[in-house]
Structure formats: C-alpha cells, structure tokens
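Report on one structure; see the data block that follows.
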Amino acid sequence: MSPSEASTTSRLGPWTSEPTGLDMRNTMGRYLTGVAVVTAVDAAGAHHGSTISSLQSISLEPPILMLALNFGTRTGAALQEGGRFAISILGAKQEAIARRFAVRGGERFADGEFEGTPGGIPVVEGALAQAECVLHEHHVIGDHDVFFGRVTASRDRLGGPLAFLGGRFGDFRDFGHEELPWWF
Ligand SMILES: Cc1cc2nc3c(=O)[nH]c(=O)nc-3n(C[C@H](O)[C@H](O)[C@H](O)COP(=O)(O)O)c2cc1C
C-alpha cells in the first residue's frame with residue numbers, strides 16, 4: 001500500500017517517546033514536499049549537486065531561502081568553499097534527475113540538461129524555478145548543515161511540480177478552488 005493510500009485507511013498508533021531516526025523519518029515522511037536540486041561549484045571549479053526536499057522560503061524582503069544537508073556531503077563542502085549555490089525546483093517529468101542527484105558517486109551533470117545562472121552556477125534546464133544565492137548563514141543543527149541563502153537572481157515558469165511523500169515520487173493535483181490572496 002502506498003503511504004497516501006495508508007493515510008486514508010489507518011488509525012494513528014500509540015505515541016512513541018524519544019523517536020529514533022526511523023521514527024522521525026516515518027513521521028516527517030507524511031509531510032508532502034516538492035523536490036529540488038541544490039548545486040554548487042567548488043574552489044577547483046568542479047560541479048556538485050544533491051537532491052533535496054528540505055528547501056524552504058524564509059524571508060521575502062530580503063529574499064532568503066533555507067535548506068539542510070547531511071553532514072559531510074560534497075555539495076555542502078562546495079557550497080561553503082564557493083560561498084554561493086543555486087537551486088532548481090523540479091517539474092513532474094524530472095524524477096530521473098531527482099534520482100540521479102540522490103545516488104552517491106557517478107556522473108550527475110550530463111550535457112544538455114544543465115544551463116548556468118547569471119553567476120555561472122549550473123542549474124537544471126527546464127526546471128519549474130531556478131534561484132541563485134549567496135551563502136548568508138550556516139548553522140550546524142543536529143546531524144545537518146543548515147544553509148541560508150540570499151537570493152540574487154531567480155525565475156520560474158508554469159507547470160506541474162514533482163512531489164515526494166513517504167519515499168515515493170508523484171505529482172500534484174489542486175482542488176480547483178479559488179486562489180488564496182497574496183498576503184504578507
Ligand atoms: C526526494 C529526496 C529528497 C532528499 N532531500 C534531502 C535533503 O533535504 N537533505 C539531504 O541532506 N539529503 C537529501 N536527500 C538525499 C540526498 O539527495 C543524497 O544523500 C545525496 O545526494 C548523496 O550524495 P552525496 O553525499 O554523494 O553528495 C534526498 C533524497 C531524495 C530522493
């Protein structure tokens with residue numbers, strides 16, 4: 001049974017005290033997210049990137065976003081070396097790229113699938129949105145590096161997003177209700 005089917009048919013179990021990593025994964029796995037690729041260029045000019053679901057918008061004015069990476073990833077190291085990074089928010093047809101950037105090792109940057117931000121950081125061609133950032137703050141929280149980036153350039157297009165829930169990819173269908181007003 002897929003996680004989304006299960007959520008409509010089962011009851012909540014007893015509370016788990018002091019949740020383990022697996023418990024945390026199960027609990028937060030119920031939170032549907034989009035999927036993005038974070039990219040950075042290291043001091044030697046090599047490209048690095050990783051699939052993420054931890055992307056969040058933090059501040060609108062000034063524009064600041066946040067993401068979290070496991071300790072010790074090459075992407076996190078490159079991001080700190082260069083002091084810059086970019087994010088590409090993936091569309092529903094880009095699951096293959098999400099999978100490629102989630103597997104350790106191997107060539108991730110294939111010709112023709114990437115283009116550059118104004119500052120020359122690789123981004124996924126045809127993504128739903130792309131943003132270039134300068135590293136604003138870095139915090140170590142638990143077993144993750146949390147990076148805040150000030151957005152220096154961005155663009156987006158219409159299209160269906162790639163979604164992620166309980167370890168599975170899918171897409172998103174809205175209810176067709178009236179759009180909420182823009183508020184902040
Ligand atoms: C949908 C999805 C979302 C992910 N989100 C994150 C994330 O937010 N932070 C993270 O550190 N890893 C995340 N991962 C795992 C990384 O993509 C993966 O561990 C990493 O790319 C491994 O490569 P590297 O350590 O060689 O750079 C996610 C994987 C998938 C499939």
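Side notes on the structure shown:
- Against the conditions (1) within 21 Å of Phe169 (Cβ to Cβ); (2) more than 7 Å from the ligand (Cβ to nearest atom); (3) surrounded by 16 or more Cβ atoms within 10 Å (Cβ to Cβ), Val41 satisfies every one except (1).
- Tally, over the range 86-103, of residues that are in contact with a Ser or Thr (Cβ under 9 Å, 6 or more places away or on another chain), closer than 15 Å to Ser54 by Cα and surrounded by 16 or more Cβ atoms within 10 Å (Cβ to Cβ): 6
- Test: Gly105 is over 20 Å from Ser154 (Cβ atoms), near the ligand (Cβ under 9 Å from one of its atoms) and not acidic (Asp, Glu): yes
- Residues of the range 91-110 satisfying the condition of being among the β-branched types (Val, Ile, Thr) and either over 14 Å from the mean Cα position of the chain (by Cα) or under 18 Å from Val151 (Cβ atoms) (or both): Val103
- Residues of the range 117-136 classified as under 18 Å from the mean Cα position of the chain (by Cα) and under 19 Å from Gly45 (Cα atoms), total: 9
- Residues of the range 49-90 that turn out to be within 14 Å of the chain's Cα centre (by Cα) and within 14 Å of the ligand (Cβ to nearest atom), as a count: 21
- Filter result for the condition that a residue is among the hydrophobic types (A, V, I, L, M, F, W, C), within 16 Å of the ligand (Cβ to nearest atom) and in a strand (DSSP E or B), over Val140, Val134: Val140
- Count - residues of the range 56-79 that are over 25 Å from Gly126 (Cβ atoms) and out of contact with any Phe, Trp or Tyr (no Cβ under 8 Å at 6 or more places or on another chain): 7
- Among residues of the range 86-105 that are over 15 Å from Leu69 (Cβ atoms), those with a Cβ under 9 angstrom from a residue that is among the β-branched types (Val, Ile, Thr) and in a helix (DSSP H, G or I), sequence gap 6+ or separate chain, pair up as Ser88/Ile97; Leu90/Ile97.
- Among all residues of the range 160-170, there is none that is farther than 20 Å from Ser54 by Cα, assigned to a loop (DSSP other than H, G, I, E, B) and at pLDDT 95 or above.
- Every listed requirement among (1) more than 15 Å from the ligand (Cβ to nearest atom); (2) in contact with a helix residue (DSSP H, G or I) (Cβ under 6 Å, 6 or more places away or on another chain); (3) acidic (Asp, Glu) is met by Asp23 save one, (2).
- Residue check, Gly29 within 14 Å of the ligand (Cβ to nearest atom), in contact with a Pro (Cβ under 6 Å, 6 or more places away or on another chain), farther than 21 Å from Val140 by Cβ and modelled with pLDDT of 95 or more: no
Listed here are the residues, each with its yes/no results for (1) of a type in the set (Asp, Glu); (2) surrounded by 11 or more Cβ atoms within 10 Å (Cβ to Cβ); (3) at pLDDT 95 or above.
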| site | (1), (2), (3) |
| --- | --- |
| His136 | no, yes, yes |
| Ile141 | no, no, yes |
| Asp145 | yes, yes, yes |
| Asp174 | yes, no, no |
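The values are calculated or read from the model by the stated rules, or taken from the named source; none is laboratory data. Source: prediction; values computed, not measured. Ideal geometry is used to build each Cβ from the backbone, glycine not excepted, and the neighbour counts take in all protein chains shown.
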